[in-house]
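The values are calculated or read from the model by the stated rules, or taken from the named source; none is laboratory data. Since this is a predicted model, take the numbers as computed values, not measurements. Neighbour counts are summed over all protein chains in view; Cβ atoms, including those assigned to glycine, are modelled from backbone coordinates with ideal geometry.
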Amino acid sequence: MDAAAPIGVFDSGIGGLTVLRALRLALPTEDFVYLGDTARLPYGTKSRESIVRYSVQAADALVERGIKCLVIACNTASAVAIDALRERLAPLPVIGVLEPGAQAACAASVTGRIAVIATEGTVQGGAYQRAIHAIRPDARVIAQACSLFVALAEEGWTQGPLVEGIVRRYFEPIFCVSRAEQPDCLVLGCTHFPVLKPVMHDVLGEDIVIVDSAETTAGAVRELLQSRSLGKQTPGGDVRLLATDGRERFARVSSTFFGSGVRPESVELVDL
């Protein structure tokens, strides 16, 4: 496997750009190819068969571009399709966002009371709960769907009284409980949510550890590349952006997640 090859990243849409941003910060010399399957988002409302099929198609499109590692920057695809992708693409390394987040939460929590916030589909699917209990069977996991956070993130509304009020309303049933019942760790189980992390810190204070799945995934990828001697030694940092639909909207919304502006003409449309 060529260490100079790019890292492939895919998501059902744009939220996975928070993972790409974390990857670029953790691995500044690496090159990346990001694919957002914007024509078929969200994956969370689809059947397991469709999710696996879409994920395989996205992965194959990235493999055709000569990647050395695949990052699944989508919680739904990480929960449903990672085993199928690992079997299909072996020996290509495949990392999802779910396992690193669960591992980090189990390590960070002192009390074993862990809160997970995600989309309704991810919460109802129970993937984070299972992943956390597999590592720490004694953990008490409280899962809360926070669907409005996705809309806030995509509108670029990441601060201000309105956003803080919505965050407080979602967090009330989780954290406004007795000290003995309160979680000491919060997992951001959706790739849209890291852009709201500063407001969450303001609402929760410093006693609650916030586990950002984007950052933990970037750390896992860095460790994997080091263990397999796949780290790129020469200067790089190039990023190719691919989408299956709506390059104008992709470019407009992406600045919130990516941290910098994207020109529509720099987004390549692909057909899966």
- Message: Residues that are farther than 28 Å from ARG179 by Cα and either within 15 Å of the chain's Cα centre (by Cα) or modelled with pLDDT under 95 (or both): list the strands (runs of 3 or more DSSP E) wholly contained in segment 76-165 that include at least 3 such residues.
- Response: 94-96
- Test result for GLU172, at pLDDT 95 or above and in a helix (DSSP H, G or I): yes
- Consider ASP184 carefully, then state whether it is more than 25 Å from ARG48 (Cα to Cα) and in contact (Cβ under 8 Å) with a residue 40 or more places away in the chain. yes
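Does GLU64 fit the bill of being surrounded by 15 or more Cβ atoms within 10 Å (Cβ to Cβ), at pLDDT 95 or above and either within 25 Å of LEU23 (Cα to Cα) or not basic (Lys, Arg) (or both)?
Taking the combined requirement at face value, the residue does not satisfy it.
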- Out of all the residues in segment 254-271, is one or more touching a strand residue (DSSP E or B) at 6+ places or on another chain (Cβ under 6 Å) and acidic (Asp, Glu)? yes
- Query: Among all residue pairs at least 6 apart or on different chains, which show Cβ distances below 9 Å where the first residue, located in segment 146-170, is within 13 Å of ILE117 (Cβ to Cβ) and the second is assigned to a helix (DSSP H, G or I) and polar (S, T, N, Q)?
  - Reply: ALA153/THR18; ALA153/THR256
- Could you look through segment 178-216, keep only residues that are part of a loop (DSSP other than H, G, I, E, B) and among the charged types (D, E, K, R), and pick out the one that is nearest to ILE117 (Cα to Cα)? ASP184
